[in-house]
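Student: Below you'll find the structure I mean.
The values are calculated or read from the model by the stated rules, or taken from the named source; none is laboratory data. Since the model is a prediction, treat every value here as computed from it, not as a measurement. Here the Cβ positions follow ideal geometry from the backbone for every residue, glycine too, while neighbour counts run over all protein chains shown. Surface areas here come from the heavy atoms of the whole protein model, side chains and all, with no ligands, DNA or RNA. Shrake-Rupley method; radii C 1.70, N 1.55, O 1.52, S 1.80 Å.
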Amino acid sequence: MTQDVKEIFGSPGGSLAAKVRTLAPSMTRSMHRVAEAVAGDPAGCAALTVTGLAELTGTSEATVVRTARLLGYPGYRDLRLALAGLAAQQQSGRAPAITTDIAVDDPIADVVTKLAYEEQQTLADTAAGLDTAQLGAAVTALAGARRTDVYGIGASGLVAQDLTQKLLRIGLIAHAHSDPHLAVTNAVQLRSGDVAIAITHSGSTGDVIEPLRVAFDRGATTVAITGRPDSPVTQYADHVLTTSTSRETELRPAAMSSRTSQLLVVDCLFVGVAQRTYESAAPALAASYEALAHRHRSTPR
């Protein structure tokens, strides 16, 4: 049965491009050329036979079929039908896409517009691709955890701190670790009933993978938040939460776009845990607001 075009692609064009970016590391160069072609011009590719698309991309018919299967379809015929439906959606009055390439001489107003659009697409792509079953399982583990350790380096470390601060404010025990030595020595103390979360956009950051592996070996429930669902970190994760893999540019490094999608996943985790633990979370949150209230009051001169 042919999958619904919305299920695979979401909003016209955007989610297909996001899926191509996410799966790019597992594609050969020739498969990537096919994927980029169908993401960039669904209408044109929908009009092509498998032979025509192979000729257009300088690949083979077998490569086209393998790419279609990697994108979630039994064969090229099914992908072609979905592309035709996607093209029809794009031609139904949708505004043309905004290019997000930022030039050195762009006016600041254009920079704001482009960044805002890219952030919006990143969030939409992450939401569309997030496995809610995996998310629910991670929420359940966090809600009942004796202790939660979160590992992240660089920009991902900031996201790790954000999650732990949120969990602390609803009365849960949580620690963020950006120092790899401390991360490992703390992971050794984890056991069944604890949770360890690794945040890494690439999924191959050794300083994050190592403590997650230790936590996994100790019996803790492990969660990976990553833009690469087939990356090394996932082999030590009980639950994998995939973020959008936005295209990196010279003036917008991957750390910026990955942080946006990671923060969305973190907020989903937090809200889910707060819902599960509402009877204790609500009073704890109110107490933390009250404890900090005097710091937000204006001081009379």
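Student: Report, to the nearest whole %, how much of the accessible area of region 28-84 belongs to carbon and sulfur atoms, 1.4 Å probe, protein only. Present the calculation step by step, with values, prior to reporting the outcome.
Tutor: On the way: 1490 of 2670 Å².
Carbon plus sulfur share of accessible area: 56 percent.
Student: Starting from one equal scatterer on each C-alpha and no solvent at all, send me the Debye-based log10 I(q)/I(0) for region 78-219 at q = 0.11, 0.18 Å⁻¹, two decimals.
Tutor: For the requested q values the scattering log ratios are -0.62, -1.03.
Student: Oh, and also: Is region 35-74 best put as rounded, prolate or oblate by its Cα gyration tensor, with a ≥ b ≥ c the root eigenvalues, rounded for a/c under 1.5, and otherwise prolate when a/b is larger than b/c, oblate when not?
Tutor: Judged from the Cα gyration tensor, region 35-74 comes out oblate (a/c at least 1.5, b/c at or above a/b).
Student: At a Förster distance of 25 Å, what's the computed FRET efficiency of ALA293 paired with ILE173, Cβ-Cβ distance as r, to 0.05? Mind showing how you got there, number by number?
Tutor: On the way: r = 24 Å, r/R0 = 0.96.
Taking R0 as 25 Å, the efficiency between ALA293 and ILE173 is 0.55.
Student: On a full-extension model of 0.36 nm per residue, what is the gain between THR140 and ASP110, subtracting their alpha-carbon distance, rounded to one decimal in nm? List each step's numbers first, then the result.
Tutor: Details: separation 30, 0.36 × 30 = 10.80 nm, distance 4.26 nm.
The span from THR140 to ASP110 would gain 6.5 nm if fully extended.
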